[in-house]
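The structure appears below as structure tokens.
The values are calculated or read from the model by the stated rules, or taken from the named source; none is laboratory data. Remember, predicted model here, so these are calculated numbers, not experimental data. Because the Cβ atoms are built from the backbone with ideal geometry, glycine has one as well, and the counts that use them run over all protein chains shown.
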């Protein structure tokens, strides 16, 4: 199995308390690695979902006990607040739609945890993500889609660079979710039937995103107008509107569906339009990183949500002095040109580039 | 690398001590031979009753109170909760404590709308601010302070508060208020009858001085107004209902008896070990500071240091792999290390506090333990610093 047998040395497994990372730890142990499980405690506030609830830490600990491996809890709450939660709030305040799970992977799991693991003598970390790592003839590595396409998480791993990939094992990328659950059940792990976590860990189901943001920033009621500027609805918080959204804008029923196609924060105005108005031919992006350097002339596809469909694109350097809301010395903008018109991408969402099933880079919609 | 199974050094006595063999021996018959419930009337019940009353005598001697003033609880947390909530409910007044108290005091004080007073740089309640708080309450006809809680020795640093001085301030500025002291950490080391003089309520727990987990006591002096929190069968003179944990209480009593006999000698022996450990680490490692200001009275059991450029979680991980069990700040429900509220109250900045290490010794500590710690800790610190430098220079 390619996901478990890099150098055979010690591995630190990030165990969320879910079935995937439970099985990842089991497979690594069975492959003969010295395995230590760690659970990151990221969010100290109220949580009923996601990865940080105490009950999930208990599950991880008990699975580690059952596997006979050491388990530790690392409190990275300060880092999580600084690198994930505060930017999440700032992005919303600026009218963008952030993806905190991508930022958590970028800053916490594959940076902070990786460095800590290395300091403690573990040159390899592992997670229970559904994705694979493939090695190319030139020795570079890429993230590739999981065997189970319905569970594929390659999108949220797009930011990994060569150094990170070299020290990462993804033991369950070769298994379907059913196989993961069957394996967990066969070896008697208590997490075998545990439901997948779906939600952002610091947003509670009971109170939701709006309640969370309202504690940190002031939310602005907004007008909803049509393409002619005539008011057709209203929103409680313009900061929470996502491009492409249909609901929650107090629109009159009947007629063709209308979608948020633009959000203007300074005037607290949301413009709605038809499905056609939502389509664009290009999407500007920033912060583009190529996994193994620029890819040349291969035919690329791009995916704009975790379980979306990758569509053919070309990628060009953006206009030198084009519009940018980043700092003056920020990374250059790039322009993603869609072969077929594509729904607008909400600013802040990741745009991930694939060569076939392999991730070759990623960026953030501007 | 890998866990060193050759040697296991326990330096977390402030969290919990091993039970002493004499304690275990005293407990066993009450788990095996004697089934009685102390509230019953037959011979087995009377035997159990006698056993816990013997323990009550021993605890009375340890703390310096009458046996009838000892209310057995499940431990320190319950004793602290009962002290704060019991007085607040009985009087309708407000509680006051310092910011460095154990959460078992802080949380009930906050929940009752009480006042949290800052500490000095050593983590002791600031008597000037306490005086102001008490005077302000005295001038406000709508407020009365019912309880002032000041821990005898701090759970993280071992720093000793002059409880009698606190009691003197309270007697002058809030004569109707009760003084409570959490003596959980003090009980293994200090002469409690002297230390808690002036306190109407005293919390202790057995597992900090060689007793079992699950038995503690709140000493309630005669005349202190206290409403029960646990209600039911009226045990412990209606101050704490619930069948007494006879085996654990017997163990607590035996541990108390041993403490009274051996405390001074043990304190000297362990204090010497602690000093050798702390001085040795300070001499062997650059960029380390003693968390507690020099000259501050503290218990003999705790060495507390802050290492520059180190994160406690990483150091504890490496120490565990070398056979050393220690701790940093307090642990939360998930087992993660939390930033220390005690160090924050002392004015230690968050970055410095993130590199803290508490090594706590007790009756089971030996010279060999200190030798091993002195051999392992400097190497672990240097290793983490070297790694941090290599990451920064990349």
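Descriptive notes on the structure:
- Among the numbered conditions (1) modelled with pLDDT of 95 or more; (2) in contact with a helix residue (DSSP H, G or I) (Cβ under 8 Å, 6 or more places away or on another chain); (3) within 12 Å of chain B (Cβ to nearest Cβ), the only one that residue A:41 does not meet is (1).
- Residue count, the range A:8-23 (criterion: crowded, with 24+ Cβ neighbours inside 10 Å, more than 14 Å from chain B (Cβ to nearest Cβ) and outside any strand (DSSP E or B)): 5
- None of A:126, A:60, A:131 is in contact with a strand residue (DSSP E or B) (Cβ under 9 Å, 6 or more places away or on another chain), in contact (Cβ under 8 Å) with a residue 24 or more places away in the chain and within 14 Å of another protein chain (Cβ to nearest Cβ) except A:60.
- The range B:28-131 holds helices (runs of 4 or more DSSP H) entirely within its bounds, and those carrying 3 or more residues that are closer than 22 Å to residue B:340 by Cα and assigned by TED's automatic domain parsing to the domain that holds residue B:198 map to B:76-91, B:103-111.
- Which numbered condition residue A:230 misses (of (1) more than 26 Å from residue A:114 (Cβ to Cβ); (2) touching a helix residue (DSSP H, G or I) at 6+ places or on another chain (Cβ under 7 Å)): (2)
- When residue A:84 is tested against (1) out of contact with any strand residue (DSSP E or B) (no Cβ under 9 Å at 6 or more places or on another chain); (2) at pLDDT below 95, only condition (2) is not met.
- Filtering the range A:139-154 to residues that are over 22 Å from residue A:195 (Cβ atoms) and in a loop (DSSP other than H, G, I, E, B) leaves A:139, A:140.
- Residue count for the range B:323-334, restricted to those that are at pLDDT below 95 and buried (at least 17 other Cβ atoms within 10 Å of the Cβ): 5.
- The residues of the range A:146-164 that are buried (at least 22 other Cβ atoms within 10 Å of the Cβ) and more than 14 Å from the chain's Cα centre (by Cα) amount to a single one, A:146.
- Each residue in the range B:301-322 was checked for being surrounded by fewer than 21 Cβ atoms within 10 Å (Cβ to Cβ), under 24 Å from the mean Cα position of the chain (by Cα) and in a loop (DSSP other than H, G, I, E, B), and 0 pass.
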